[in-house]
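> Take a look at the following structure, please.
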Amino acid sequence: MRRVVFNQKGGVGKTSIACNLAAISAAEGYRTLIVDLDVQGNTTQYLAGEIDAEAYPAEAQGVAGLFKQTVGSRRTKRDPSTYVWETPYENLDLMPSSPVLGPMEKELESRYKIYKMRDALEKLDDDYDRIYIDTPPRFDFYSKSALIAADSLIIPFDCDSFALHALVTLMENIAELQEDHNPGLVVEGIVINQFNAQARLPSELVDELDKDGLPVFATYLSSSVKMKESHRERRPLIDLAPSHKLTGQFLELHGELEGSEALASVNAA
């Protein structure tokens with residue numbers, strides 16, 4: 001199962017959600033890979049811990065290395081696993097981002113390399129039970145590559161009026177991409193993030209999502225300073241604060257995801 005976490009609006013918690021779900025997946029025994037397609041590299045910084053990048057040769061520099069081998073006159077054909085790093089957490093591997101992804105984007109787009117991520121992850125399916133993909137907050141080459149490579153889409157929603165308006169455009173873009181590139185992509189659900197039950201606006205916005213018939217996960221993620229502490233310590237919540245309320249919410253959300261996966265398997269059979 002390959003899941004992409006994506007929203008065109010920034011600041012909605014993409015990286016936090018992708019990383020913490022991946023960390024819980026690994027903690028529960030699933031062989032898990034997380035791919036960082038955002039040039040900012042927040043997922044890489046969050047999960048790489050004290051990994052020494054110099055210990056990895058230049059040809060193994062994550063996503064950038066994977067894409068780089070597809071262009072130029074001397075194309076190599078390294079196995080995608082070459083571009084995967086181990087993290088300090090058991091069962092959790094990372095395909096890291098790099099600042100050079102920015103300058104590479106135009107060349108990759110002009111050479112129509114948009115299916116290369118899908119091809120690479122298909123080769124890694126036997127190595128991992130779950131693959132999570134973090135994306136830039138833009139509908140660009142890298143996010144499209146991720147959406148084409150994924151089986152399902154998780155959309156973070158941060159209970160803001162601007163986020164509601166942006167969601168309309170997002171769903172239109174997703175529908176077009178499904179039609180043109182990935183008809184099998186399923187919108188698995190919208191994650192309500194930074195939810196404040198004491199405020200009226202968040203509940204009103206969620207009601208609007210429900211009225212529009214959009215798939216919303218039953219588990220809401222609360223706003224908490226513990227997440228900022230998790231970022232600072234570069235430790236996912238399941239490791240930093242396993243008994244915290246927000247960690248419990250992530251565990252419940254992960255349970256929803258795995259429940260839907262089990263149901264899909266039964267239906268397919």
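The values are calculated or read from the model by the stated rules, or taken from the named source; none is laboratory data. In this text the structure is predicted, and so the values were computed from the model without any measurement. In this analysis, Cβ positions are derived from the backbone assuming ideal geometry, glycine residues included, and neighbour counts consider all displayed protein chains.
> Suppose we filter V225, V191, V216 for residues that are among the β-branched types (V, I, T) and surrounded by fewer than 12 Cβ atoms within 10 Å (Cβ to Cβ); which single one remains? Working first, answer last.
Values: V191 fails: surrounded by fewer than 12 Cβ atoms within 10 Å (Cβ to Cβ); V216 fails: surrounded by fewer than 12 Cβ atoms within 10 Å (Cβ to Cβ).
So the residue among V225, V191, V216 that is among the β-branched types (V, I, T) and surrounded by fewer than 12 Cβ atoms within 10 Å (Cβ to Cβ) is V225.
> Just wondering, is there one or more residues in region 164-173 that are surrounded by 15 or more Cβ atoms within 10 Å (Cβ to Cβ) and under 30 Å from K68 (Cβ atoms)?
yes
> Further question: Quick one: count up the residues across region 159-206 that are of a type in the set (D, E, K, R), in a helix (DSSP H, G or I) and touching a strand residue (DSSP E or B) at 6+ places or on another chain (Cβ under 6 Å).
Step one: filter region 159-206 for residues of a type in the set (D, E, K, R), giving 160, 172, 176, 179-180, 188, 200, 204.
In the following step, the residues that additionally are in a helix (DSSP H, G or I) were identified as 172, 176, 179-180, 200, 204.
Still in the running and touching a strand residue (DSSP E or B) at 6+ places or on another chain (Cβ under 6 Å): none.
Qualifying residue count for the region: 0.
> Within region 206-231, can you find the residues that are charged (D, E, K, R), under 29 Å from T87 (Cα atoms) and at pLDDT below 95? Steps first, answer last, please.
As a first pass, look at region 206-231 and keep what is charged (D, E, K, R): 207-208, 210-212, 226, 228-229.
Restricting the remaining residues to those that are under 29 Å from T87 (Cα atoms) gives 226, 228-229.
Across region 206-231, there are no qualifying residues.
> If I go through region 1-42 residue by residue, how many of them are closer than 17 Å to T87 by Cα and in contact with an Asp or Glu (Cβ under 6 Å, 6 or more places away or on another chain)?
Qualifying residue count for the region: 6.
> Just to be sure I understand the filter: pairs with C-beta atoms under 9 Å, separated by 6 or more residues or on different chains, first member in region 213-228 and part of a loop (DSSP other than H, G, I, E, B), second member of a type in the set (G, A, S). Which pairs pass?
L214/G189; P215/G189
> Shifting gears a bit: Residues that are of a type in the set (A, V, I, L, M, F, W, C), assigned to a loop (DSSP other than H, G, I, E, B) and farther than 18 Å from Q61 by Cα: does region 135-154 have at least one? Quick ask: steps written out before the conclusion?
First pass over region 135-154, keeping only residues of a type in the set (A, V, I, L, M, F, W, C): 139, 141, 146-150, 153-154.
Applying the additional criterion that residues be assigned to a loop (DSSP other than H, G, I, E, B) yields 139, 150.
Filter once more, keeping what is farther than 18 Å from Q61 by Cα: 139, 150.
Checked against the condition, which is being of a type in the set (A, V, I, L, M, F, W, C), assigned to a loop (DSSP other than H, G, I, E, B) and farther than 18 Å from Q61 by Cα, region 135-154 yields at least one hit.
> Here's another thing I want to ask about it. Take the residues in region 4-53 that are assigned to a helix (DSSP H, G or I), more than 14 Å from the chain's Cα centre (by Cα) and small (G, A, S); name whichever of them is modelled with the lowest pLDDT. So that I can check it myself, show each step before the final result.
If we filter region 4-53 for residues that are assigned to a helix (DSSP H, G or I), which is where we start, we get 14-27, 42-48, 53.
Then drop every residue that is not more than 14 Å from the chain's Cα centre (by Cα), which leaves 26-27, 45, 48, 53.
In the following step, the residues that additionally are small (G, A, S) were identified as 26-27, 48, 53.
Values: A26: 98, A27: 97, A48: 84, A53: 57.
Among those that are assigned to a helix (DSSP H, G or I), more than 14 Å from the chain's Cα centre (by Cα) and small (G, A, S), it is A53.
> Going by what's in this entry, would R130 be described as surrounded by 17 or more Cβ atoms within 10 Å (Cβ to Cβ), touching a Ser or Thr at 6+ places or on another chain (Cβ under 6 Å) and over 21 Å from V12 (Cβ atoms)?
Working: surrounded by 17 or more Cβ atoms within 10 Å (Cβ to Cβ): yes; touching a Ser or Thr at 6+ places or on another chain (Cβ under 6 Å): yes; over 21 Å from V12 (Cβ atoms): yes.
The answer is yes for R130.
> May I pose another question? Kindly list, by first and then second residue, each pair from a residue in region 199-211 that is over 16 Å from S222 (Cβ atoms) and touching a residue at least 40 places away in the same chain (Cβ under 8 Å) to a residue that is crowded, with 16+ Cβ neighbours inside 10 Å and of a type in the set (A, V, I, L, M, F, W, C), limited to pairs with Cβ atoms under 7 Å and residues at least 6 apart or on different chains.
Partner pairs satisfying both residue conditions: E208/L164; L209/I190; L209/V216.
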